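The values are calculated or read from the model by the stated rules, or taken from the named source; none is laboratory data. If you're wondering where the values come from, they're calculated on a predicted model, not measured in any experiment. In this analysis, Cβ positions are derived from the backbone assuming ideal geometry, glycine residues included, and neighbour counts consider all displayed protein chains. Note: areas computed on protein heavy atoms with side chains; ligands, DNA, RNA excluded. Shrake-Rupley method; radii C 1.70, N 1.55, O 1.52, S 1.80 Å.
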Amino acid sequence: VQLQASGGGVVQAGGSLRLSCSASGSIFNIYALGWYRQAPGKQRELVAVITRGGSTNYADSLKDRSAISRADAMNRVYLQMSSLKPEDTAVYYCKAVLLPGHMEYWGKGTLVTVSS
């Protein structure tokens, strides 16, 4: 599976941004798609994940300010973020989890910079 994230950029605090990630390859085996982020000097952390069945899980830090969605074919996943804060500045990565075997695939990140 190949993943390509896009939609990052510079946004002012309080603004909104929509990230998109396209998946290609063995998309029929994708069980879940998720967004993670890594800020400078910090570990990569979960932002949100959505399963093929539509179940979602969010990190507390963004739970009320973000919404994850996906195409039915599991070939695209989106992350809508609002009320962005400078601490949301990070490289945002998308990840696919495939079954069987729980194989994980990562895309190259897209940088989100929130200016104060």
Check: Is it the case that region 100-107 has a residue that's within 13 Å of SER20 (Cβ to Cβ) and open to solvent by less than 50 Å² (accessible area, probe 1.4 Å)?
Finding: yes
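Is one or more of the residues making up region 1-10 open to solvent by 50 Å² or more (accessible area, probe 1.4 Å), within 14 Å of ALA96 (Cα to Cα) and within 13 Å of the chain's Cα centre (by Cα)?
yes
Can you give me the ranges of the strands (runs of 3 or more DSSP E) entirely in region 19-94 with at least 1 residues that are within 16 Å of ALA5 (Cα to Cα) and open to solvent by 10 Å² or more (accessible area, probe 1.4 Å)? Even if it seems obvious, please write down each step before you answer.
Details: elements: 30-38, 45-51, 56-58, 66-70, 76-81.
Correct list: 30-38, 45-51, 66-70, 76-81.
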Check: Condition test on ALA59, is it closer than 17 Å to SER20 by Cα and either modelled with pLDDT under 95 or small (Gly, Ala, Ser) (or both)?
Finding: no
